[in-house]
Amino acid sequence: MARSFLSWYATCPRGAEPALEQELLALGAKGIRAGQGGVRFTGPRAIALRACLDLRTAMRVLEPLGDFAAADAQGLYEGARALPWGELLTPEQTIAVQASGSAPGLDHTHFVGLKIKDAICDVLRDKTGARPDVDTRDPDFLVVAHLKNGRCQISLDLGGELLSNRGYRVRTVKAPLRESLAAAVVLLSGWDRARPLHDPLCGSGTIAIEAALLASGRAPNGARPLACERWPSTAEEDKKSLALLRHELHERALQALRAGVPPILASDRDREAVEATVVNARAAGVSDLVRAYEADARDLKSLQPAGQIISNPPYGERLEAGGRKPLKTFFHALGAAVRGLPGHRAAILAGSEDFESAFGMRPRYRQEMWNGPLRCQLLLYEVRELGQSTAVAPEPDPA
């Protein structure tokens, strides 16, 4: 019989929590509580399944399984062993354990993962005489463990592979933006999905592609199989629920396409980046919605009607080739180009400490975000009249 969990946890890039909260509200989730790098929520199992298919900013959707004291290795093993593994899986299923965090005497995540894996295998061996195999690439059960304040929280990952791995990024350029972070930038930009959108520094095209998926009503993971469809205790009911959800999401996408999608432009002065965007948009099934072309971002043209500029200027790894001085000059020229677009909005994910002063526009709204280990700022602007700009508060609407 399937278990009925009402508490769930969705992880996301740090700084994307406000966008993930809005997405969960739109899904009908309750009890939403944001933390660092994730959001807790409650609801029936169908909400969690839909979250796996339809959340754009989430990386994982987790089903909490246990929370116990883990002061040392023995406590960790005994706490993990006490969980109902024998009710959840058989030796025919494969497992993997992903651990994070630390506790006194438990500061090596690899060791933590091994102890939890041993506990699971020992439970199954005692019950059936056989142990499940480990499959780190595509396990049936991905067990996620987090150590904090002397306790261990263990969850099961409903999706399996990271939800942010959409599968469309078949060609990349240097330092690509993770899909879930790009989606958060689009959602927090305030784009209304009715006006044109342009990314003038498109790189691999991730921002434009995520915008196209959003505007066309496409669920980012609507077609992918979920790990929970292989769980003996829930597979039968989950498959029925997912079939209904996928049909509903497909109908939503058809309706959005009938309503029309605004122009979505992706440009870059690097021909390799434009070619990568074209290939990736085709793989994502939105090649008819994204227009990619070569152009210099300093030569921005007005959108008709006035629309949304969203971009991720160079920083971190992308800074190494050119250095700081020419990049500051580029930021200044980019700011001048944006100021020449009356009626437009701009959302810039800036990772360089030089960006804001060189850009020449002072936003009153900013959201700290993290691109992996790199601290960034999402800066939102509105150009009211030629050469003038004011800040604009975010209006995320991921419904």
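The values are calculated or read from the model by the stated rules, or taken from the named source; none is laboratory data. Everything numeric here is computed off the predicted structure, so don't read it as measured data. Cβ sites come from the backbone with ideal geometry, for glycine too, and all protein chains shown count toward neighbours. The protein model used for the area step is the full one, side chains on, heavy atoms only, and it has no ligands, DNA or RNA in it. Shrake-Rupley method; radii C 1.70, N 1.55, O 1.52, S 1.80 Å.
Table for the structure above
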quantity: Anisotropy class of the stretch 251-343 from Cα gyration tensor, a/c 1.5 cut; calculated: oblate
quantity: Rounded percent of accessible protein surface that carbon and sulfur make up, the stretch 261-370, 1.4 Å probe; calculated: 47 percent
quantity: Cα point-scatterer Debye curve for the chain, base-10 log of I(q)/I(0) at q = 0.10, 0.11, 0.14 Å⁻¹; calculated: -0.70, -0.83, -1.18
quantity: Computed log₁₀ I(q)/I(0) - Debye formula, equal Cα scatterers, no solvent, the stretch 1-61, q 0.19 Å⁻¹; calculated: -0.57
quantity: Isotropically averaged projected area of the stretch 1-109, using the convex hull of Cα atoms (one quarter of hull area), nm²; calculated: 8.2 nm²
quantity: R0 of 51 Å, Cβ-Cβ distance A306-D72: FRET efficiency to nearest 0.05; calculated: 0.25
quantity: Solvent-accessible area per residue, Å², over the chain with all protein chains present [probe radius 1.4 Å]; calculated: 44 Å²
quantity: DSSP-defined antiparallel bridges as percent of all bridges, the chain, nearest 5; calculated: 65 percent
quantity: Euclidean distance of C-alpha centroids, the stretch 221-236 and the stretch 96-116, integer Å; calculated: 27 Å
quantity: Computed label-point distance, nm, for sites D122 and A34 using a 7 Å Cα→Cβ extension; calculated: 4.2 nm
quantity: Radius of gyration and maximum dimension Dmax of the stretch 36-76, Cα, Å; calculated: 14.1, 40
quantity: Carbon/sulfur fraction of accessible area - the stretch 26-113, other protein chains in place, 1.4 Å, %; calculated: 52 percent
quantity: Packing-based ranking, highest mean first, of 108-120, 242-254 given that Cβ atoms within 10 Å are counted; calculated: 108-120, 242-254
quantity: Helix axis angle, 206-215 relative to the chain longest principal axis, alpha carbon, degrees; calculated: 80 degrees
quantity: Mean Cα-pair separation over length for the stretch 203-331, i.e. relative contact order, pairs under 8 Å, 6 or more apart, %; calculated: 31 percent
quantity: In degrees, nearest ten, helix 17-27 long axis to first principal axis of the chain (Cα); calculated: 70 degrees
quantity: Highest-first arrangement of 306-312, 260-266, where packing means the average Cβ count within 10 Å; calculated: 306-312, 260-266
quantity: Gaussian network model of the chain, Cα within-10 Å springs - most flexible of Q74, Q98, Q367; calculated: Q74
quantity: GluC sites (Glu not before Pro) lying in DSSP loop within the stretch 57-156, provided at most 15 other Cβ fall within 10 Å; calculated: E92
quantity: Above-threshold pairs, the threshold being 32 Å between Cα atoms, out of K30/K127; K30/K240; K148/K328; K301/K328; calculated: K30/K127; K148/K328
quantity: Translational diffusion of the stretch 184-300, µm² s⁻¹ [Kirkwood Rh, Cα pairs; Stokes-Einstein; 25 °C; 0.890 mPa s]; calculated: 157 µm²/s
quantity: Carbon + sulfur, % of accessible area of the stretch 159-232 - ligands and nucleic acids excluded, 1.4 Å; calculated: 48 percent
quantity: Amide H contacts of Q98 (H built 1.01 Å from N, under 5 Å, at least 5 apart or other chain); calculated: V143, V144, A145
quantity: Normalised contact order of the stretch 1-140, rounded percent, pairs of Cα under 8 Å and 6 or more residues apart; calculated: 21 percent
quantity: Shape metrics for the stretch 58-167, restricted to C-alpha atoms - Rg then Dmax, Å; calculated: 13.4, 40
quantity: Length-normalised contact order for the chain - Cα pairs under 8 Å, 6+ apart - percent; calculated: 16 percent
